[in-house]
Structures are given as structure tokens and as C-alpha cells.
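This report concerns only the one structure given below.
The values are calculated or read from the model by the stated rules, or taken from the named source; none is laboratory data. The shown structure was predicted, so the numbers you read here are calculated from the model rather than taken from an experiment. Ideal geometry is used to build each Cβ from the backbone, glycine not excepted, and the neighbour counts take in all protein chains shown. Accessible surface areas use protein heavy atoms only, side chains included; no ligands, DNA or RNA. Shrake-Rupley method; radii C 1.70, N 1.55, O 1.52, S 1.80 Å.
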Amino acid sequence: MKNRPNHTSDVSVIVATRGRSEQLKTLLIYLRLQTLRPRHIVLVGTSAADVAVDTAEFDDDLTVTKVISVSAGSAIQRNKGIEWLVEHQALSPDSFTIFFDDDFRPDVNWVRSCDALFRDNLDIVGITGLVLADGGHGYAVSEDSVEAYLAGTRRRESHWAQGSMRDIATVYGCNMAFRNTVFGACTFDEKLPLYAWQEDRDFSGQAKSFGRIIFAPVCRGVHLGARSGRTSGMRLGYSQISNLIYLSKKGTVSWSTSLKFMIKSVASNTIKSLNRNPNADYVGRLSGNLLAIRDTFIGRCDPGNIVNM
């Protein structure tokens, strides 16, 4: 990557991280090279080791803050980042906050493109970008291949977050941005523990009452899908059922959408278990699916059950 001229905005970035300090270091490089740089970057870990990164290369006009959450969980840690911004009066009502996974690699114009969309479209409250490759839905993407995807010398992989700009029902959690004005009414649901499966869909369901949520192909990036720091197969499988049932009861996800995704998860996990796919613990996921379905019938299905698995 080459250094490019940039200046700083009122934009904030929150990164919830755990057990991926090396991936986090690389993300900071990509943020430092943005043509429009965020003013505040809040790194939220569960221990000092999670956020053990050197921020000395950042300029004085950009604040990198390390926050420790007493509990692990994507929703909890993201809320902790928002709390820090509120407490330090860093949430400009005219700007927005970006949430990147520590293994997401944004194109150098990601922040600038997002900023232009929010400024030019006051009815938009949420944005998610184009994913050129996604290791979270297949084999992990190597760090070495990122620049080829971003430069277009490597063909993009098939993904739902591609195509033309359009209104969507949900952002994609690895790269999403929301206007700061929604945070007084919208929070990440901490009843979705650990990996917080579908927290992005839930937050989108809350935010859409304030305006449009769009897919923006000008905000391009690559999601590595790093395997470290992820939840177990059984826990994820349980969440694939329990979280959607909970969110449908809550009202942020329709029952039809939940049913579609639950059927898709069970079918996919069954097929991949039979094929002995070595890429992930699909046997564990299927076991988690079936356990959550059983718990639903006996009246004890709850997202929090995965904490004790």
C-alpha cells in the first residue's frame, strides 16, 4: 500500500476485538491510509492483550483510544465504544460512526465515500459496503490477497453485498456505518452474547424507523474471515436458531425472514456435515441447531444459553 494524502473528519470508528491483535494492527494501517481519516478510533477489547497495538504513528489530530470491556461479546463491546464516544462528547450530531471488524480491510476511499453519501442523502441512516471477498462465508481470505482484490487484479468473489446501490433490510456487521443521531434510541442488544449472531440485522431493524439503510458499492473492502477469536460450532449453531426466534419476538426481524434463515442454516449445516467439510465445524453447528430447536419445543430456548456451553 502506498501512502496517500488525507485529512481528518468528525467520523468515528469502533472496533470490537478479542484475541486478534495482529489483525487489529493491520486494520489500523488501513485506517491511517484513508483519504478521509476518522477523528476517533475506539478499540474495545476484553483485556490489554486484545488491544496491544502501537499507535505512535498516528498524528495528533487523530485519537486512538483503547477501552477494556469487563465482558466479552460483540454487542457489549460495541456499546462500550459508543459509551466512550458519548462520555467524551465525540459523537457529532452531523456525522456518523463506522463499525469495522478487526479483520476487515477497507479501500482507502471507504470513509470518504461513506461521508459523501451521508452528506448528500439526509434520509439515509445506515450504510454497508461492497464485499469483494468474504472469508466469513467460506475459506478464510489471506492477508496477502487483499491488495489484489482492492486493485481489481483479482476477481471478486460472489456475495450478496454486491451490485448497484439499493435500499436493504440490514447492514453487514463487518463494515457498517450509522448516523450518530440514532444512538440515543438504538443499541446493540446485549442479550445476544459472544459472537452476537444477527446483531447487525437487529440494529438495522431498530434504525430503519429513522430513515433508509442502503448498500453502497462505492464503499469497497475485503473481509478476511479470520478463524481466531470465533465462537465454537455448537454455540454458533444454537445462535442461528435462538437469536432469530428472540429477534422475531422482539419485532426487529420478521418471522418470515427468521424462518427462511433458520431453514437455510439447518439445511446447509446438514449437507456440509455429511460432506465432512474441513473448513468449519458444521457437525457442531448442526448439533447446536437441533439443540435450540429442542429447547424451543420445551420452552427454554434463549440466546444466553450458549454462554454455558
- Determine whether SER273 is surrounded by 14 or more Cβ atoms within 10 Å (Cβ to Cβ) and touching a Phe, Trp or Tyr at 6+ places or on another chain (Cβ under 9 Å). yes
- Message: Going residue by residue through the stretch 196-205, is there one that turns out to be part of a loop (DSSP other than H, G, I, E, B), over 20 Å from VAL131 (Cβ atoms) and touching a Gly at 6+ places or on another chain (Cβ under 7 Å)?
- Response: no
- Residue selected from the stretch 220-236 under the condition among the basic types (Lys, Arg) and at pLDDT 80 or above, by the criterion nearest to GLN23 (Cα to Cα): ARG220
- Task: Identify all residues within the stretch 121-144 that are in contact with a Ser or Thr (Cβ under 8 Å, 6 or more places away or on another chain) and open to solvent by 40 Å² or more (accessible area, probe 1.4 Å); write none if there are none.
- Result: GLU143
- For the stretch 132-148, pairs from a residue that is assigned to a loop (DSSP other than H, G, I, E, B) to a residue that is surrounded by 15 or more Cβ atoms within 10 Å (Cβ to Cβ) and of a type in the set (Val, Ile, Thr), with Cβ under 7 Å and 6 or more apart or across chains, are VAL141/VAL222
- Note on the structure: Being of a type in the set (Lys, Arg), within 30 Å of ILE98 (Cβ to Cβ) and buried (at least 19 other Cβ atoms within 10 Å of the Cβ) narrows ARG212, ARG235 down to just ARG235
- ARG235 versus (1) part of a helix (DSSP H, G or I); (2) touching a residue at least 60 places away in the same chain (Cβ under 8 Å); (3) in contact with a Ser or Thr (Cβ under 9 Å, 6 or more places away or on another chain): which is the lone unmet condition? (3)
- Does VAL64 meet the test of being at pLDDT below 95, in a strand (DSSP E or B) and open to solvent by 20 Å² or more (accessible area, probe 1.4 Å)? yes
- Message: Given the options SER69, SER21, SER47, name the one that is in contact with a Lys or Arg (Cβ under 6 Å, 6 or more places away or on another chain) and either hydroxyl-bearing (Ser, Thr, Tyr) or without any contact (Cβ under 8 Å) to a residue 40 or more places away in the chain (or both).
- Response: SER69
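Using the structure shown, decide if LEU43 is at pLDDT 95 or above and either of a type outside the set (Asp, Glu) or under 14 Å from ARG105 (Cα atoms) (or both).
yes
Do you know which residues across the stretch 157-169 are open to solvent by 10 Å² or more (accessible area, probe 1.4 Å) and over 24 Å from PRO93 (Cβ atoms)?
So in the stretch 157-169, the residues open to solvent by 10 Å² or more (accessible area, probe 1.4 Å) come out as 157-160, 162-169.
Result: GLU157, SER158, HIS159, TRP160, GLN162, GLY163, SER164, MET165, ARG166, ILE168, ALA169.
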- Message: Suppose we filter PHE96, PHE104, PHE118 for residues that are hydrophobic (A, V, I, L, M, F, W, C), at pLDDT 95 or above, surrounded by 24 or more Cβ atoms within 10 Å (Cβ to Cβ) and over 25 Å from GLU143 (Cβ atoms); which single one remains?
- Response: PHE96
- Query: Can you name the residue in the stretch 284-304 that is open to solvent by 70 Å² or more (accessible area, probe 1.4 Å) and in a helix (DSSP H, G or I) and is also nearest to LEU236 (Cα to Cα) among such residues?
  - Reply: LEU290
- Item | Residue under evaluation GLN89, criteria (1) in a helix (DSSP H, G or I); (2) more than 24 Å from ASP107 (Cα to Cα); (3) not aliphatic (A, V, I, L, M), criterion not met | (1)
